[in-house]
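Visitor: The structure is given below, and queries will be raised subsequently.
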Ligand code: AMP
Ligand code: GLY
């Protein structure tokens, strides 16, 4: 049961909401936010073709880097709450700028976004707060990296320090491969993001994503999710932004959650406070449940994609009120999120070649789809000059379904996927394999 009811009041006016970003994540946020009857309009900058199918949504063309114009237009639109989706504008300090201009913003400032945009800083942060994570070394030259890799007796993961669109992590099988990875980063594969390389002890265990909505001091947790990062079935192939997800993750038992809260979530928020970082946004904890307990693999300063698409349909109309409370520093920390009793799953359809080179511009054909408890959130689409929906990104569509159990969820998702086509469409058939009881029978 939630403390909210249909008549829940907002703390302030909440008619016009702005979401910044252009992916499936932002479309799913818009979809969840518009459910609240107080919300009259949800603007997206820039959104994508799919945003136009969402109730109350309108895309607006504004260059967020043209700061004066941005403030003028947002004042004109009487924006009551701004939600910043992706990490790049957060890392560039957009939330700070908008707050200075008196907007209510859900999204951390540049200082908080550092949890994501500098892996080496995040590792030091965890060390300062005694938060369990893999052992690590920070290096700023290939020579130093070679020294550590050759002398190490444990398998090592190689990471570019800065933002790299989910592609800056290498999990090599040999020392030579480790060195080649470090070399490619130092040679500028990720530009300035690779000025520092983090070498990490390779740890093992299932992964789970936990999201804390945070108002600077207090927090509440969303349902957990499990993402599928690898491109191919059986969790093989290169890492991607995410090929599918399911929520909640049964792996995260009450016992684990208690440990995670005590050893990871609360120490993180306390350490942010200790460092005078007023974090108003979501903290994404990428965790691995190892034999010696849960450890942090990474922090992100935003919602996961496709975890967000998966979780949003479980939210009721009070979701936007929670974002508002976070933005205003007014969470009690006792809010209960009213989720449905259903579970949710998402399968991502990608362009052929993703996460490497891929072509775009292929028409997307969508056949007969039953949209009861099913959402199609566009991730990378646009319209061509004839008004046809075409592919415009590596990840193209997020197909999300809810039902009583995960077998039903994924049966529906894959049935609907059969109705969708574009040249080179690719998706994994085993999303949710961990929680689909019928999975081995089907395959
Ligand atoms: P990240 O972008 O840091 O989340 O890393 C992407 C993926 O690489 C993670 O989801 C893990 O599957 C894997 N990974 C990252 N760091 C480690 C590590 N220290 N040990 C094992 N796997 C890792
Ligand atoms: N799904 C992983 C991420 O958003 O980083």
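Visitor: Before rounding to the nearest 500, sum -39500 (n - 2.57) across all DSSP H runs of length at least 4 in the chain and divide by the residue total; then give [θ] at 222 nm in deg cm²/dmol. Each step should come with its number before you reach the end.
Guide: On the way: 14 runs with 120 residues, N = 443.
The per-residue figure over the chain is -7500 deg cm²/dmol.
Visitor: Could you give log10 I(q)/I(0) at q = 0.14, 0.18, 0.22 Å⁻¹ for segment 230-376, computed by the Debye formula over C-alpha point scatterers of equal weight, without solvent?
Guide: For segment 230-376 at q = 0.14, 0.18, 0.22 Å⁻¹, log10 I(q)/I(0) is -0.93, -1.37, -1.63.
Visitor: Would you calculate the separation in nanometres between label points at residue 13 and residue 101, each defined as 7 Å from the Cα along the Cα-to-beta-carbon direction?
Guide: Here the answer is 1.8 nm between the modelled labels.
Visitor: Give me the distance in nm between label points sitting 7 Å out from Cα along the Cα-to-Cβ direction at residue 151 and residue 75, one decimal.
Guide: 5.9 nm
Visitor: Further, regarding this structure: When N counts the residues of segment 283-343, how does its alpha-carbon radius of gyration compare numerically with 2.2 N^0.38 Å, as a ratio? Could the numbers behind the result be given before it?
Guide: Numbers: Rg = 14.1 Å, N = 61, 2.2 N^0.38 = 10.5 Å.
With N residues counted in segment 283-343, Rg over 2.2 N^0.38 Å equals 1.34.
Visitor: Right, another one. For a quick size check, give me the Cα extents of segment 289-443 along its three principal axes, largest first, whole Å.
Guide: Projected onto the principal axes, the Cα atoms of segment 289-443 cover 50, 43, 34 Å.
Visitor: Moving on. Once R0 is set to 51 Å, what does the formula 1/(1 + (r/R0)^6) return for the Cβ-Cβ distance between residue 434 and residue 63, expressed as a FRET efficiency to the nearest 0.05?
Guide: On the way: r = 43 Å, r/R0 = 0.84.
Efficiency for this residue pair is about 0.75.
Visitor: Would segment 86-177 count as rounded, prolate or oblate if I go by the C-alpha gyration tensor, calling it rounded below 1.5 in a/c and otherwise prolate when a/b exceeds b/c, oblate otherwise? Before the final figure, lay out the partial values.
Guide: Details: a/c = 3.17, a/b = 2.34, b/c = 1.35.
It comes out prolate by the Cα gyration axes.
Visitor: Between segment 90-111 and segment 343-418, what is the C-alpha centre distance in whole Å?
Guide: Cα centres, segment 90-111 to segment 343-418: 32 Å.
Visitor: Classify segment 164-280 from the C-alpha gyration tensor, please: rounded if a/c falls under 1.5, else prolate or oblate depending on whether a/b exceeds b/c.
Guide: On the way: a/c = 2.21, a/b = 1.40, b/c = 1.58.
Oblate, because a/c is 1.5 or more while a/b does not exceed b/c.
Visitor: Taking the chain as a Gaussian network, where each spring joins two C-alpha atoms under 10 Å apart, which residue of 371, 213, 18 fluctuates the most?
Guide: 371
Visitor: Also: For residue 236 and residue 141 in one chain, what is 0.36 nm times their gap in residues minus the Cα-Cα distance, to one decimal in nm? List each step's numbers first, then the result.
Guide: Values: separation 95, 0.36 × 95 = 34.20 nm, distance 3.01 nm.
Using 0.36 nm per residue and subtracting the Cα-Cα distance, I get 31.2 nm.
Visitor: Continuing with this model, one more query. Taking one equal scatterer on every alpha-carbon of segment 250-323, how large is log10 of I(q)/I(0) by Debye at q = 0.20 1/Å?
Guide: Result of the Debye calculation: -1.10.
Visitor: Can you sort 305, 63, 235 so the residue with the fewest Cβ neighbours within 10 Å comes first?
Guide: Numbers: 305 28, 63 11, 235 15.
Ranked by crowding around the Cβ, least crowded first: 63, 235, 305.
Visitor: Of the candidates 325, 368, 217, which one comes out as most mobile in a Gaussian network treatment of the chain with C-alpha springs shorter than 10 Å?
Guide: So, out of 325, 368, 217, the one fluctuating most is 368.
Visitor: Okay, next question. Can you put 97, 383 in order of Cβ neighbours within 10 angstrom, beginning with the fewest? Don't skip to the end; give the middle numbers.
Guide: Values: 97 18, 383 13.
With the fewest neighbours first, 97, 383 line up as 383, 97.
Visitor: Among 386, 195, 429, which one moves the most in a GNM of the chain with springs linking Cα atoms closer than 10 Å?
Guide: In the Gaussian network model the winner is 386.
Visitor: Considering only DSSP beta bridges whose two residues both sit in the chain, what percent are antiparallel, to the nearest 5?
Guide: Numbers: 59 of 75 bridges.
Looking only at bridges with both residues in the chain, the antiparallel portion is about 80 percent.
Visitor: Determine the shape class of the chain: with a ≥ b ≥ c the square roots of the Cα gyration tensor eigenvalues, call it rounded for a/c under 1.5, and otherwise prolate if a/b is greater than b/c, oblate otherwise.
Guide: It is rounded, given that a/c, with a ≥ b ≥ c, falls under 1.5.
Visitor: Based on other C-beta atoms within 10 Å, arrange 150, 256 from fewest to most. All intermediate terms of the calculation are to be shown ahead of the outcome.
Guide: Numbers: 150 10, 256 18.
Ascending Cβ contact count within 10 Å gives the list 150, 256.
Visitor: Right, something else. Once you have the Cα-Cα distance between residue 217 and residue 386, take 0.36 nm times their residue separation minus that, and quote the gain in nm to one decimal.
Guide: Working: separation 169, 0.36 × 169 = 60.84 nm, distance 5.01 nm.
The span from residue 217 to residue 386 would gain 55.8 nm if fully extended.
A short reminder: the numbers here are calculations on the coordinates, not readings from a lab. Quick caveat: nothing in here was measured; it's all calculated off a predicted structure. Cβ: placed from backbone, ideal geometry, glycine included. Neighbour counts: every protein chain shown.
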